[in-house]
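What follows is a short report on a single structure.
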Amino acid sequence: MKITILDGNALNPGDLSWEVLKNFGELTVYPRTSPDLVVERIADSDAILLNKISITEEILEKCPSLRYIGVQATGFNVIDLEACRRHNVTVTNVPAYSTAGVAQLVFAFISEFACHTQLHSDSVMKGDWCIAPDFCYWKTNLIELEGKTLGIFGYGNIGRRVAAIGKAYGMKILVCTRTPKPDIENPCDFETLLRESDFLSLHSPLTPETKGLINEKALSMMKKTAFLINTARGALVDEIAVRHALEDKTIAGFACDVVSEEPMKYDNPLFGAPNCLITPHIAWAATETRQRLLDVVVDNLRSFINGSPKNVVS
């Protein structure tokens, strides 16, 4: 079996090992692959592994040997699943591997908005504390999380973990989900979620129904003291509307780990926005998280070879 990894640097920039994959056949790893090189690199491959490389009908037509695509992520929107079915290509993904990492980043954002750790550390390092007239000072209002309302849109594995952490902080949890479940303590509709949340965290997949979910109208319904957090998909929010809301102080702040087009472009409306925290899609990037992902990638391929594929999406 010939196995090709098209954008290996995303999952493994060098701190993990691909060695176990060599047990399954001839392995070739490319750190990155531009669209014009995809066919050339996988034309005679039996199996390919990828993260963000698009696979289309046109590509599949030129790769008759291909029988397996292992997506090294949870999302698989880069793959034309219908075309894969027509070409008898099995596609797998890796669900739920990043739950801990994403929930952790959500509360890193929340904690920064509440405590302004970096602002105060920078102030101290400039010598402000050394010349302060009192034993302490603070440069902006600080927030105690206990008693605040944490709104969660989407209640899969990550949404549930975020809720559990919020409860540990003593926060009130509100949940809005498209698939109501009997174990949700405080379910609510979307308008209630917008109006009552002090912190609103998005954990929904990107669908035609959720694209642009957070728009000008939605933002106008939020508290002026509320903070919005997006670690799901960039296109869940109207970035222009968020920029305007931050400038007009319609909301108090916005944090995201994802934007509509990645890598981020200089003309993205969020670039340089006030009261805005942006990280470069790192919620999944902890070493432990990526190793968990790689372990499932290997297991998915092994299961396919053994004739019992798992985590199949097409």
From the list Ile158, Ile184, Ile214, pick out the single residue that is under 19 Å from the mean Cα position of the chain (by Cα) and either in contact (Cβ under 8 Å) with a residue 60 or more places away in the chain or surrounded by fewer than 23 Cβ atoms within 10 Å (Cβ to Cβ) (or both). Ile158
Qualifying residue in segment 291-311 (condition: part of a loop (DSSP other than H, G, I, E, B), open to solvent by 70 Å² or more (accessible area, probe 1.4 Å) and under 24 Å from Thr99 (Cβ atoms)): yes
Can you tell me which condition Thr250 does not meet? The list is (1) out of contact with any His (no Cβ under 8 Å at 6 or more places or on another chain); (2) more than 28 Å from Asn77 (Cα to Cα); (3) free of Cβ contacts under 8 Å to residues at least 40 places away in the same chain, and all the others hold. (1)
Do you know which of the residues in segment 165-176 that are open to solvent by 30 Å² or more (accessible area, probe 1.4 Å) and either in contact (Cβ under 8 Å) with a residue 24 or more places away in the chain or charged (D, E, K, R) (or both) is nearest to Val106 (Cα to Cα)? Ile165
Give the residue, chosen from Glu261, Glu288, that is open to solvent by 40 Å² or more (accessible area, probe 1.4 Å), under 26 Å from Thr74 (Cα atoms) and either assigned to a loop (DSSP other than H, G, I, E, B) or at pLDDT below 95 (or both). Glu261
Taking only segment 12-35 into account, find how many residues are exposed (fewer than 13 other Cβ atoms within 10 Å of the Cβ), assigned to a helix (DSSP H, G or I) and over 26 Å from the mean Cα position of the chain (by Cα). 3
Take the conditions within 27 Å of Arg233 (Cβ to Cβ), of a type outside the set (S, T, N, Q) and open to solvent by 10 Å² or more (accessible area, probe 1.4 Å) and apply them to Ala103. Does it pass? no
Determine if segment 59-68 includes at least one residue that is farther than 23 Å from Gly234 by Cα, hydrophobic (A, V, I, L, M, F, W, C), in contact with a strand residue (DSSP E or B) (Cβ under 7 Å, 6 or more places away or on another chain) and not in a helix (DSSP H, G or I). yes
Among the numbered conditions (1) touching a Lys or Arg at 6+ places or on another chain (Cβ under 9 Å); (2) among the aliphatic types (A, V, I, L, M); (3) more than 15 Å from Phe109 (Cβ to Cβ), tell me where Ile251 comes up short. (3)
Check segment 76-99 and report whether any residue there is at pLDDT below 95, farther than 22 Å from Ile305 by Cβ, in a loop (DSSP other than H, G, I, E, B) and open to solvent by 40 Å² or more (accessible area, probe 1.4 Å). yes
Test each condition in (1) open to solvent by less than 70 Å² (accessible area, probe 1.4 Å); (2) under 26 Å from Asp267 (Cα atoms); (3) at pLDDT 95 or above for Thr207 and report the one that comes out false. (3)
Residue match in segment 143-150 (condition: part of a strand (DSSP E or B), of a type outside the set (A, V, I, L, M, F, W, C) and modelled with pLDDT of 95 or more): yes
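The values are calculated or read from the model by the stated rules, or taken from the named source; none is laboratory data. Given the structure is predicted, the values throughout are model-derived calculations rather than measurements. Quick reminder, even Gly has a Cβ in these numbers, built from the backbone with ideal geometry, and neighbours come from all protein chains shown. Please note that ligands, DNA and RNA were not included when accessible areas were found on the heavy atoms of the full protein model with its side chains. Shrake-Rupley method; radii C 1.70, N 1.55, O 1.52, S 1.80 Å.
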